[in-house]
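The structure appears below as structure tokens.
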Amino acid sequence: MRTTSTTPPYLKPLAAVTGGLVLAATLTACGGSSSAASDEKVVTVYSADGLKGEAGDGWYDKVFKDFEKQTGIKVEYVEGGSGEMVQRAAREKSNTQADVLVTLPPFIQQADSKGLLQAYTPQGADQVSGGDKADDGKWISVVNNFFGFVHNKKELTTPPTTWEQLLDAKYKNKLQYSTPGVAGDGTAVLIKAMHDFGGKEPAMEYLKKLQANNVGPSSSTSKLAPKVDKGEILVANGDVQMNFAQARSMPNLAIWFPAKEGGKPTTFALPYAAGLVNKAPHTENGKKLLDFMLSEQAQREVSSIGGGFSVRKDVKATDANAIELAKLMGGVEVFEPDWADIDKNLTAYVDGWKSATGS
């Protein structure tokens, strides 16, 4: 993994479908017949959680509403953990239901390796940096974001700053992180621990110790912040965009970045990456939605509405959220994971975590 002290100037937003929000009601989880005609005015999005607003006020809410108004195409939205969404799309491969898939890495790479994505270069892709998109056009980031943790700032008069402090007995049954291999942010716990502790084995040794304080598995990271805000638990994993947006209605949340004792706080970019699903039932509508999400209008609202970072180089956010986010990221060392290695060895890393923690 390469390390850089440069802090990228962006963040990520919340998502929800307004008007056209239909959860899995009209879809079949494992196949079944699709009643959607290819020319139907609908587009189905399978997405990792985090971009949907708690009160219908997230980036997805605004983008999908504007998209429907402009095109007449209704967005049907299905949400889950990144791994869960990829698994669902894979099960439906012989009878595709989704048009657009949005996940955190390394799951977007996993979706590509499973043959779930088709190449498409959206309008505005030329303004997205090379590291934020696939060379072959199979996926592209639509909202940038960074991995992080949250703690309850009301209950903790002395908040934690290091990984080692989380081993303290005061966090027993007061700490929880989402499940690696299922949730994107849960997998990020492994990635950051391996970076900060210097490899797989020392990271697993630490996570084995941490398990004594861990409440247990969670398939959804977004459900942890409300528990932290209420004081049911004191610490959880998350990501900057989602937690920043949640903090508008959860006043006890504080975002932080664990450091290894004696080291600097670290994080890494964890963007929402989108791809056009292979053999999608509404391919043209999926292309239109990807174009719209990368439009200057939508990208300018990433920070102001979603609390995230725009992926477009020509969009320079100056709103109040963008200023606050820049302060939050100040002094945090940003490293770049080796996504090719993680994609190749993800199963081994997750199995190592299961073995170490008894999960």
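The values are calculated or read from the model by the stated rules, or taken from the named source; none is laboratory data. Model, not experiment: these values are computed from the prediction. Positions of Cβ are generated from backbone atoms using ideal geometry, with glycine treated the same way; all protein chains shown enter the neighbour counts.
Table for the structure above
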read-out: Which numbered condition Leu289 fails, given (1) part of a helix (DSSP H, G or I); (2) not assigned by TED's automatic domain parsing to the domain that holds Ala134; value: (2)
read-out: Test: residue in the range 298-309 that is more than 20 Å from the chain's Cα centre (by Cα) and assigned to a helix (DSSP H, G or I); value: no
read-out: Among residues of the range 228-275, those that are β-branched (Val, Ile, Thr), in a strand (DSSP E or B) and touching a Ser or Thr at 6+ places or on another chain (Cβ under 9 Å), counted; value: 1
read-out: Test: residue in the range 213-222 that is surrounded by fewer than 22 Cβ atoms within 10 Å (Cβ to Cβ), in contact with a strand residue (DSSP E or B) (Cβ under 9 Å, 6 or more places away or on another chain), closer than 30 Å to Asp66 by Cβ and not assigned by TED's automatic domain parsing to the domain that holds Asp168; value: no
read-out: One residue from Gly131, Gly115, Gly137 being touching a strand residue (DSSP E or B) at 6+ places or on another chain (Cβ under 8 Å) and not β-branched (Val, Ile, Thr); value: Gly131
read-out: Number of the condition not met by Thr266 [criteria: (1) buried (at least 16 other Cβ atoms within 10 Å of the Cβ); (2) in contact with a Gly (Cβ under 6 Å, 6 or more places away or on another chain)]; value: (2)
read-out: Meets criteria (among the charged types (D, E, K, R), assigned to a helix (DSSP H, G or I) and farther than 21 Å from Ile108 by Cα) for Glu205; value: yes
read-out: Residue in the range 320-327 that is surrounded by fewer than 21 Cβ atoms within 10 Å (Cβ to Cβ) and within 19 Å of His151 (Cα to Cα) present; value: yes
read-out: Failed condition for Lys327, given (1) under 22 Å from Lys62 (Cβ atoms); (2) free of Cβ contacts under 8 Å to residues at least 24 places away in the same chain; value: (1)
read-out: Of all residues in the range 292-319 being among the β-branched types (Val, Ile, Thr) and in contact with a Phe, Trp or Tyr (Cβ under 7 Å, 6 or more places away or on another chain), the one that is surrounded by the fewest Cβ atoms within 10 Å (Cβ to Cβ); value: Ile305
